[in-house]
Amino acid sequence: MNNNITLTQFIIEQHRELSGLSSDFTLLLNDIVTACKKISHLVNRGDLMGVLGNADTENVQGEVQKKLDIITHDIMVNALNWTGHLAGIVSEEIEQPIQIPNQYPKGKYLALFDPLDGSSNIDLNLTVGTIFSILRYDKELEPKAADFLQKGSKQVCAGFVLYGPSTLMILTTGQGVNGFTLDPDIGEFILTHPDIKIPEETSEFAINMSNQRFWESPVQRYIDECLQGEDGIRGKNFNMRWIASLVAEVYRVLTRGGVFMYPLDNHKSKSGRLRLMYEANPMGFIVEQAGGACSTGRERILDLEPNDIHQRVPLILGSKNEVERIVSYHLK
């Protein structure tokens, strides 16, 4: 016998310590865990189940959907809409908030999620994931889109799951960040990465260099300094990484430091690329709880006042000292 702590045990023990969390919250997290186990099974079987490839449809963002985008959305909604723990749901794949069916009880929480982040990588057998954010909701009325528009600092919980060589869940409830690995033999997530901390210093950055000509001057300056290596003013060599999967990028930052950038540019969008409510906010919450920093370049992500459930923002996150350097270049 071993003393491995399961995610269920961890959640229950943390619930006992945090008086602000209800038993419904614990059960809600278990619902999310169940959905992510199902998604992990599908992702791992891929072509064996005929679930890879394009669906020949577009989501509300105008992006071409993969078959698994639709399937994983349905898995998440069907796992959460009947349990009585939620008042409403927002998904990347649907334009408007999803109402809880009338025949089911309503809870005191709101869930927002990207059911399959990095889905463009799915046909290449690269890491994809699920991102989720949980907010409180204390009204009796059916929540409207405006009720979801809470600052990231109001999040009760945030997490993401990576479906890679192993399935990992990264989770915070505002008391640090912990990582859990799915043991397929027993069907349980086991605590394997307790109290994750991001190193303040780094020599690694992640950015899509193909957009370099569109960047603002502060980002151009920072990347130029990194590329000069030990011969430049930074006096050290940097490595560049780019996976094009936010969950994989953030997990790398959590485990070995670094800075990830999807900055504002003058290409397709003047407002950034990543979605605030179910990508930037949950990742910002996690990164800050692990000792890192998260910004648009000009403002802390968790302080942003949302104006739309699918709002896009620039995102710069990772090792604290590097993010603060990039922000200082923007402020100058």
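A few points about this structure:
- Taking segment 235-279 and a reference point 7 angstrom along Cα→Cβ of residue 299, the backbone N atoms nearer than 19 Å belong to 262-266, 269-279.
- Within segment 204-223: backbone nitrogen closer than 16 Å to the residue 325 label point (7 Å, Cα to C-beta): 204-207, 218-223
- With 0.36 nm allotted per residue and the present C-alpha distance subtracted, the residue 154-residue 225 stretch has 22.0 nm of extension available.
- Shape of segment 142-238, Cα gyration tensor, a/c cut at 1.5: oblate
- Packing order of peptides 165-172, 288-295, highest average first: 288-295, 165-172 (average count of other Cβ atoms within 10 Å over each peptide's residues).
- Take every DSSP beta bridge whose two residues both sit in segment 204-331; close to 70 percent of them are antiparallel.
- Here the alpha carbons of segment 204-331 define both size measures, Rg and Dmax, at 13.7, 45 Å.
- Between amide H atoms placed 1.01 Å from N, distances below 5 Å from residue 237 occur with 230, all of them 5 or more places distant or on a separate chain.
- Efficiency of FRET between residue 186 and residue 16 - r from beta-carbon atoms, R0 25 angstrom, step 0.05: 0.60
- When both bridge partners sit in the chain, DSSP labels roughly 80% of those beta bridges antiparallel.
- Burial order of peptide ranges 98-104, 310-316 (average beta-carbon count within 10 Å, highest first): 310-316, 98-104
- Prolate/oblate/rounded label for segment 7-193 (Cα gyration tensor, a/c 1.5): oblate
- Calculated mean residue ellipticity at 222 nm for the chain: -9000 deg cm²/dmol, from DSSP H runs with n ≥ 4 weighted as -39500 (n - 2.57), summed, divided by the residue count and rounded to 500.
- When only alpha carbons of the chain are considered, Rg and Dmax amount to 19.5, 67 Å.
- In this label model, residue 4 and residue 242 are separated by 3.8 nm, measuring between points 7 Å along each Cα→Cβ vector.
- Rounded to 0.05, the FRET efficiency of the residue 193 and residue 74 pair, given R0 = 51 Å and the Cβ-Cβ distance, is 0.95.
- Exceeding the 23 Å Cα-Cα cut-off - candidates 37/320; 38/67; 37/66: 37/320
- Of the residues 181, 286, 82, the one whose Cα sits farthest towards the positive end of the charge dipole of the chain is 286 (charges of +1 on Lys and Arg Cβ, -1 on Asp and Glu Cβ, taken about the Cα centre).
- Full extension of the segment from residue 213 to residue 138, taken as 0.36 nm per residue of separation minus the current Cα-Cα distance, would add 22.4 nm.
- Residue ranges 219-229, 276-286, 129-139 sort as 276-286, 129-139, 219-229 when ordered by packing (mean number of other C-beta atoms within 10 Å per residue, highest first).
- Most mobile listed residue (271, 23, 40) in the chain, GNM with C-alpha springs under 10 Å: 23
- In sequence order, calculated HN-Hα J values of segment 236-245 (Karplus, 6.51, -1.76, 1.60; Hz; x Gly/Pro): 7, 8, 10, 10, 10, 10, 7, 9, 6, 9
- In order along segment 272-288, the Karplus-derived 3J(HN,Hα) couplings, from 6.51 cos²θ - 1.76 cosθ + 1.60 at θ = phi - 60°, round to x, 10, 8, 7, 5, 6, 10, 10, 5, 4, x, 5, x, 4, 5, 4, 5 Hz, and Gly and Pro are given as x.
Rule-based calculations on the coordinates, nothing more; no lab input. Every value quoted in this text rests on a predicted model; they were computed, and no experiment measured them. In this analysis, Cβ positions are derived from the backbone assuming ideal geometry, glycine residues included, and neighbour counts consider all displayed protein chains.
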